[in-house]
1. Check HIS296 against each of (1) assigned to a strand (DSSP E or B); (2) surrounded by fewer than 17 Cβ atoms within 10 Å (Cβ to Cβ) and name the one condition it does not meet.
2. Among PRO349, PRO356, PRO363, which is the only one that is over 21 Å from the mean Cα position of the chain (by Cα) and closer than 17 Å to ALA150 by Cβ?
3. Please name all residue pairs, on different chains or six or more residues apart, with Cβ atoms under 6 Å, provided the first residue is in region 151-164 and is farther than 13 Å from LYS182 by Cα and the second residue is in a helix (DSSP H, G or I).
4. Answer yes or no as to whether ALA128 is touching a residue at least 60 places away in the same chain (Cβ under 8 Å), under 24 Å from the mean Cα position of the chain (by Cα) and part of a helix (DSSP H, G or I).
5. Of the residues TYR329, TYR307, only one is part of a strand (DSSP E or B), in contact (Cβ under 8 Å) with a residue 12 or more places away in the chain, out of contact with any Phe, Trp or Tyr (no Cβ under 6 Å at 6 or more places or on another chain) and open to solvent by 10 Å² or more (accessible area, probe 1.4 Å); which?
6. In region 66-90, what residues are of a type outside the set (Val, Ile, Thr) and surrounded by 16 or more Cβ atoms within 10 Å (Cβ to Cβ)?
7. Which residue, of ALA276, ALA260, is open to solvent by less than 10 Å² (accessible area, probe 1.4 Å) and assigned to a helix (DSSP H, G or I)?
8. Could you please let me know if THR313 is β-branched (Val, Ile, Thr), open to solvent by 30 Å² or more (accessible area, probe 1.4 Å) and in a helix (DSSP H, G or I)?
Amino acid sequence: MTDRLSKLRTRMAEIGTDLVALGPTSHMDWLTGVNPHGDERPVMLLVSQDYAGFLMPALNADAARKATDLPFHTWADDLGPDAALAELLGKCNVSGAGRSVAVDEAMRADFALLLLDAMDAPKRSFAADSVGLLRQLKDDAEYEALRASARLNDEAAMAGFAALAEGVTERDVQAAIHAHYKANGAQAEFTIVGFGGNGAFPHHHTGDTKLEKNMAVLIDTGCRLNGAPSDMTRCGWFGDNPSDEFLKVAGIVEDAVQAALEVSRPGVVASEIDRAARSTIEKAGYGERFLHRTGHGLGVDIHEPPYISASATTKMRVGNVYSIEPGIYLEDKFGVRLEDIVILREDGPEILSGLPRTLVMKP
């Protein structure tokens, strides 16, 4: 935590930010390990070059103190937070007009306005260029944790495919995946199981559709192991006769993954990675059926920057962790999405999963 706080202050000096204000969000969790109860009671962490401390409701302070040595400025329900916030701002030494404050973009609006109203005409920005940027650069410990979660996710996805049998429901396969997570000390974050035409909905809600012979299967699933998330999609076919169109589409999606991997290099703009995948699918005649961005970052949250989209302007950096997940979705037929999480190294991307992207064929 001390190292991350030091890096944050260095970054604040580089961009001319006097104060960073974080709510009870994943930014606070990443920086301090504190993940306090969030309700309507104002709670925030303020960081300046001179001081770092929490505004904390008194009834939550004891539990939160177990995770940090940083000071707390507590307030009780009968008095309200104003005096404690004024004391905290004084400690941060950010008095005077026009000070630059970067506000956590996920903080409640009423918390943010409470802070801004307590300052003298501050210059406002978001924390994406300070804490957000630092979060994108994973260290060795984060890499190891994410890789372990990805490898367990591999096993769970294959447990799902192993559960395929005529007449089972999507929920049955989901249950098999979740049971594998639980047996190995992880918690399910989400699981999409799409049989047949249900796979053509990128965010299909796993339901009671029953598996029939010669039906496509899409499994997109993720867990959290020791706090680290995972996310991966694989596709397969149940039956003896995969359709020619299914095999063709799966081959195109794999080509799109390979194209995105090929251009993933430090210094490349994120939109170029999206363009590599998207143009591959467009050239094959399925451009209108690629319905989403190519990828998203993964770290504390399953979806976080950098986002790999057509409009993204982020330059990729060593240590970025993100998904590459192009897809083609054919209504009433099937969907094919192949997804891996990668970490960007000096010489290109390293895939965290150990599971091949080959189609899972189960007669």
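The values are calculated or read from the model by the stated rules, or taken from the named source; none is laboratory data. All of these numbers come straight from a predicted model, not from anything done at the bench. A quick note on method: Cβ atoms are made from the backbone with ideal geometry, for glycine too, and the neighbour counts reach across all protein chains shown. Accessible surface areas use protein heavy atoms only, side chains included; no ligands, DNA or RNA. Shrake-Rupley method; radii C 1.70, N 1.55, O 1.52, S 1.80 Å.
1. Of everything listed in (1) assigned to a strand (DSSP E or B); (2) surrounded by fewer than 17 Cβ atoms within 10 Å (Cβ to Cβ), HIS296 misses just condition (2).
2. Details: PRO349 fails: over 21 Å from the mean Cα position of the chain (by Cα); PRO363 fails: closer than 17 Å to ALA150 by Cβ.
Criteria check complete, one pass: PRO356.
3. Within 6 Å, the pairs are GLY160/VAL173; GLY160/ALA176; GLY160/ILE177; ALA163/VAL173; ALA163/ALA176.
4. Working: touching a residue at least 60 places away in the same chain (Cβ under 8 Å): yes; under 24 Å from the mean Cα position of the chain (by Cα): yes; part of a helix (DSSP H, G or I): yes.
So ALA128 passes the test.
5. On the way: TYR329 fails: open to solvent by 10 Å² or more (accessible area, probe 1.4 Å).
The conditions single out TYR307.
6. Within region 66-90, the first condition is being of a type outside the set (Val, Ile, Thr), and the residues that meet it are 66-67, 69-73, 75-90.
Correct list: LEU70, PHE72, HIS73, TRP75, PRO81, ALA84, LEU85, LEU88, LEU89.
7. Details: ALA276 fails: open to solvent by less than 10 Å² (accessible area, probe 1.4 Å).
Exactly one of ALA276, ALA260 is open to solvent by less than 10 Å² (accessible area, probe 1.4 Å) and assigned to a helix (DSSP H, G or I), namely ALA260.
8. Values: β-branched (Val, Ile, Thr): yes; open to solvent by 30 Å² or more (accessible area, probe 1.4 Å): yes; in a helix (DSSP H, G or I): no.
No; evaluated as a whole, the condition is false for this residue.
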